[in-house]
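The values are calculated or read from the model by the stated rules, or taken from the named source; none is laboratory data. As the structure is a computational prediction, the values presented were derived from the model and not from experiment. Don't worry about glycine lacking a Cβ; one is built from the backbone with ideal geometry, like all the others, and counts go over all protein chains shown. We work out accessible area using only protein heavy atoms, side chains counted, and drop any ligands, DNA or RNA first. Shrake-Rupley method; radii C 1.70, N 1.55, O 1.52, S 1.80 Å.
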Amino acid sequence: MGRVQLFEISLSHDRVVYSPGEPLAGTVRVRLGAPLPFRAIRVTCTGSCGVSNKANDAAWVAEEDYFNSSLSLADKATAPTSFEGPFGKIVHQVRAAIHTPRFSKDHKCSLVFYILSPLNLNSIPDIEQPNVASATKKFSYKLVKTGSVVLTASTDLRGYVVGQALQLHADIENQSGKDTSPVVASLLQKVSYKAKRWIHDVRTIAEVEGAGVKAWRRAQWHEQILVPALPQSALPGCSLIHIDYYLQVSLKAPEATVTLPVFIGNIAVNHAPLSPRPGPGLPPWAPPLVVPSAPPQEEAEAAAGGPHFLDPVSLSTKSHSQQQPLLATLGSVPGAPEPCPQDGSPASYPLRPPLCISTGATVPYFAEGSGGPVPTTSTLILPPEYSSWGYPYEAPPSYEQSCGGVDPSLTPES
């Protein structure tokens, strides 16, 4: 046993999550086995962000500091929400050091704590409005015949919180004599790291697949994706890391894709969704009916004998990546917020909003109360072309061009 038998930091009431401007109180414990000459005992509280060119590398090429003070976070300090990713992280910690006389070894200890700067979705313009996008794809088949597919996708809101159900509606109009491939909806996360240049890490968070649409038919698809424990959008206050989320609905054959930007926050939208008056048989937030154009002349006879476009059929769901209900996961976390109702409306949070800091397959999830992180079972599906990269020499495809309605203040610099 050396002179210093115990040197540690503990926070009052075993708290681990704080808000900017909130006092940080705790204790530094020192137990000695023999007298120890010292010059000073210093305690500092720091917050910083570091970004690297390589995954899981702590040799930062870009850094920025948010605060450096003793025991408390100043009200004027910029303190973005804690975050950890493969190419960078936002870390807040308390450090203590015993400075000994010259030529003697100094003693140091540290304790990481977490900042949650809640993102209020109601502060984002038009967040309560329905999210709608449409794409038309013209294609050729059977060498000489042509046709088109109109793909329209919409969600009930533009922003969601953890545990809330994202309601998806897709309308597919097959104006051809060829069946389409299955329709796929994916919730994507794009994390951008500003090193010497922007590095983009794209992950598929959840994926659901529906059936295809028969020739000369119009079909509707209703599904939902429960938002798992995810870091908040944008990470306001941090200029080196930016997070975007998208809902992508696509067909492989013919190739057609629509992309809807969505926001993940900590305080739910408190307005009822607004939308134009829906048509018969559609949910209140679905886009209005689209009157299809006439089929090509060479298919007129086949179309005349088939079902009419205005009698849409309902598509079934073939597979869903969320095998376990998220509500059961949330309920197992001590102090977690109440689960959201089955109708998809947001949960009411009587305590603090939850905090998720990681993009990894096992996501540290925090709720109000004492103790450390609780792992959740929200498994991420990594696209093969990105998951094995140690260094992304080329950025994955950008979605901003197809999502012109994103708030510029929440978009990283190009």
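What the table below lists for this structure:
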| item | result |
| --- | --- |
| Furthest towards positive pole of dipole, 130, 222, 195, structure part the range 122-265, Cβ charges | 195 |
| Estimated dipole of the range 3-117 in Debye, rounded to 20 [Cβ of Lys and Arg +1, of Asp and Glu -1, Cα centre] | 660 |
| Cβ-derived FRET efficiency at R0 41 Å, residue 316 paired with residue 145, nearest 0.05 | 0.90 |
| Charge context of residue 112, other residues only, Cβ under 11 angstrom, K/R +1, D/E -1 | +1 |
| Portion, in percent, of the accessible area of the range 122-265 that falls on carbon or sulfur, probe 1.4 Å | 49 |
| Residue 116 accessible area, 1.4 Å probe, all protein chains in place, Å² to nearest 10 | 10 |
| Size of the range 3-117 as Cα extents on the principal axes (Å, biggest first) | 44, 32, 22 |
| Residue-by-residue Karplus 3J(HN,Hα) for the range 244-258, coefficients 6.51, -1.76, 1.60, Hz, glycine and proline x | 10, 10, 9, 10, 10, 10, 8, 10, 7, 9, x, 6, 8, 9, 10 |
| The range 3-117 - percent relative contact order, Cα under 8 Å, separation 6 or more | 32 |
| HN-Hα J in Hz across the range 172-186 - Karplus 6.51, -1.76, 1.60, θ = phi - 60°, x for Gly and Pro | 10, 10, 8, 9, 8, x, 10, 5, 8, 6, x, 8, 10, 10, 10 |
| Positive-end residue of 121, 13, 38, charge dipole of the range 1-130 with Cβ unit charges | 38 |
| Accessible surface ranking that places the most exposed of 107, 169, 222 first, with a 1.4 angstrom probe | 222, 107, 169 |
| Normalised contact order of the range 85-173, rounded percent, pairs of Cα under 8 Å and 6 or more residues apart | 20 |
| Local electrostatic count at residue 56 - Lys and Arg +1, Asp and Glu -1, tallied over other residues with Cβ under 13 Å | -1 |
| Too-long pairs where the Cα-Cα distance tops 20 Å, listed order kept, from 54/108; 137/214; 89/190; 108/194; 142/178 | 54/108; 108/194 |
| Amide hydrogen neighbours beyond the local backbone of residue 157, cut-off 5 Å, H modeled | 131, 167 |
